[in-house]
């Protein structure tokens, strides 16, 4: 289960970096970045970490 605080940091970081992020799906929350492939919460957090927008502890950079 994903920590909601980590998810908020990831979403905020990606949006602050100029990316368009939309939540999609009704039963399972998925995220779409720039209209691309649907990502899970964990995938979205990993993307923000890989882009250098947050560290693995969840701190924004």
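Read the figures in this text as sums done on the coordinates, not as results from a lab. Because the structure is predicted, anything quoted here is derived from the model rather than measured. Every residue, glycine as well, gets a Cβ built from its backbone with ideal geometry; the counts of neighbours run over all protein chains shown.
Can you check how the C-alpha radius of gyration of the chain compares to 2.2 N^0.38 Å, as a plain ratio?
1.01
Counting pairs of alpha carbon atoms under 8 Å apart in space and at least six apart in sequence, what relative contact order in percent does the chain give?
Reported relative contact order: 35 percent.
Can you give me the distance in nm between label points at residue 8 and residue 40, each placed 7 Å from the Cα along the Cα-to-Cβ direction?
Those two pseudo-labels are separated by 2.3 nm.
How high is the FRET efficiency between residue 56 and residue 17 when r is their beta carbon distance and R₀ equals 30 Å, given to the nearest 0.05? Intermediate values should be presented prior to the final figure.
On the way: r = 18 Å, r/R0 = 0.59.
Working from the Cβ atoms, E equals 0.95.
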